[in-house]
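Chemist: Here you go, one structure.
Every number here is computed from the coordinates shown, using simple stated rules; none is lab data. Because the structure is a prediction, the values reported are computed rather than measured. Reconstructed Cβ throughout: ideal geometry from the backbone, glycine too, with neighbour counts over all protein chains shown.
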Amino acid sequence: MRWAAYFIFAYLALGLQLGLAPEIAYHGAAPNLVLLAAIFISLNAPRDAALLGCFAMGIMQDFLSSQPPGLFALSYGLVAMFVISTQHIVYRGHPLTHFSLALVGGLMTMTVLLLHGWIHPPGAAVGIAKAALPAVRISPATEFTRVLYTAALAPFVLWGLQRTRGMFGFQPSRRKTKSW
């Protein structure tokens with residue numbers, strides 16, 4: 001995998017998430033474009049590079065979001081482990097594969113975020129005027145809408161990304177042969 005192309009891709013995915021996602025949100029649920037980028041990397045890259053790349057994208061998204069550091073990194077690492085385990089049994093270019101992987105990956109990310117919100121509820125924040133602001137809690141309905149929205153966009157986005165696989169220098173997977 002070409003790491004320079006990966007970092008440019010991660011930068012673009014995070015930039016689109018910050019800039020475009022609020023504009024195309026549906027009832028407050030913006031699609032998770034970085035999750036789609038993580039699924040693309042996991043589908044095509046070798047195992048170690050995919051795990052490292054998805055974890056790094058999660059760390060970068062953690063720094064840009066209001067979530068505590070490590071939540072997106074953990075969830076994208078788990079998604080990468082799941083997608084890598086299915087690499088040899090799924091057809092990488094099929095839209096149903098893209099939809100199902102995005103659905104399961106979104107549900108895994110949603111579970112990590114909601115569990116953290118329930119285990120460690122947000123406290124009251126103090127604003128500029130020294131007045132306590134109410135805590136912001138993630139709504140399960142909004143998160144589930146985000147998962148469905150992301151999964152619905154997955155076949156289109158991943159189809160386009162699969163056409164650019166050559167830029168990343170992904171090596172075709174080689175099967176191990178027994179040498180007697």
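Chemist: Output the relative contact order of the chain, whole-number percent, from Cα pairs under 8 angstrom with separation of 6+ residues.
Modeler: 28
Chemist: Which whole-number percent gives the relative contact order of the range 1-107, counting Cα pairs below 8 Å spaced six or more residues apart?
Modeler: It comes to 23 percent, rounded to a whole number.
Chemist: Once you charge only the Cβ atoms, +1 for Lys and Arg and -1 for Asp and Glu, what is the size of the charge dipole of the chain about its Cα centre, to the nearest 20 debye?
Modeler: Here the chain has a charge dipole of around 680 debye.
Chemist: Projecting each Cα onto the charge dipole of the chain (Lys/Arg +1, Asp/Glu -1 at the beta carbon, about the Cα centre), which of Gly28, Ile59, His120 comes out farthest on the positive side?
Modeler: Ile59
Chemist: Counting only complete DSSP H runs, which helices of the chain cover 27 Å or more along their long axis at the Cα atoms and score a mean Kyte-Doolittle of -0.5 or above?
Modeler: Helix filter hits for the chain: 95-119, 140-162.
Chemist: Among [x] 30, 21, 12; [y] 65, 14, 12; [z] 32, 16, 16, which is the computed semi-axes √(5λ) of the Cα gyration tensor in Å?
Modeler: Recomputing semi-axes √(5λ) of the Cα gyration tensor in Å here gives the entry labelled [z].
Chemist: Sort 103-114, 154-165 for me by packing, meaning the mean count of neighbouring Cβ atoms within 10 Å per residue, highest on top.
Modeler: The densest-packed peptide leads the list: 103-114, 154-165.
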